[in-house]
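Step one of this worksheet: look at the structure below.
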Amino acid sequence: MHPLLRLIMSQPGLLVDHAEAYAELVSAEFSKASVNWKRSLLLDAIAICSLGVAAVLAGVAVMLWATIPASDIRAPWALMVTPLLPAVVALVCMVAARSRNDAHAFDDLKEQVAADMVMLRVADAP
C-alpha cells in the first residue's frame, strides 16, 4: 500500500490540515497578485485618459496655430508645451504599469507543490 494512502487512512486530520494550508497559501498568493493587477489596470487607465487629453490639446493647439496669424501669437511655445504635460503623465504611467514584474506571481505556491511532489516521490520509492 502506498504510504500516502496509509497516512490518509490512519490520520485523516493531517490531510485536512494540509488542504487548509494550501487554501491559505492560494488565498495569500491571489491577494498579492490581484493588488498588482489592480495597480497595473489603474495605471493603464490613467495613461489612456492622459493620452486622450494630450491628443485633444494637441488638436486645439494645431487649430489655434492655423487660425491665428503668427505675429499675433504671444506665446507660441505654450501651444507646444501644453499637450506635453498629459503626454508625459501617460508615458510615466505606462512605464510604471510595465515595470512591475508579475513573473514571480504564485512562486510560493509553485515551490510548495514542487516540495510536496518530491516528498511523494521519496515516499513512493522502495
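Since every read-out is calculated from the coordinates, none of them should be taken as a lab result. Worth saying up front: this structure is predicted, and the values here are computed from it rather than measured. With ideal geometry, Cβ positions are generated from the backbone for all residues, glycine too; neighbour counts draw on all protein chains shown.
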So for the pair SER40, LEU109, with labels modelled 7 Å out along Cα→Cβ, what separation do we get in nm? 1.5 nm
The stretch 1-63 - convex hull of alpha carbons, volume per residue in Å³: 75 Å³
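Looking only at trypsin sites (Lys or Arg not before Pro) in DSSP loops with at most 15 other Cβ atoms within 10 Å, what is the longest site-free stretch of the chain? Mind showing how you got there, number by number?
Values: sites that count: ARG74, ARG100.
Formally, the longest exposed-site-free interval is 1-73.
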Can you show me the helix-derived [θ] at 222 nm for the chain, built from DSSP H runs with n ≥ 4 at -39,500 (n - 2.57) apiece and divided by the number of residues, rounded to the nearest 500. -28500 deg cm²/dmol
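So if we plug the beta-carbon distance of CYS49 and MET80 into 1/(1 + (r/R0)^6) with R0 = 25 Å, what FRET efficiency do we get, rounded to 0.05? Provide the component values of the computation, followed by the final result.
Details: r = 21 Å, r/R0 = 0.85.
Efficiency, rounded to the nearest 0.05: 0.75.
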Which one, [x] 15.8, 65; [y] 28.6, 95; [z] 13.8, 43, gives Rg and Dmax of the Cα atoms in Å as derived from the coordinates shown? [y]
Cα centroid separation, the stretch 16-33 to the stretch 68-107 (Å): 40 Å
What order do you get for SER34, SER10 when you list them from fewest to most C-beta neighbours inside 10 Å? SER10, SER34
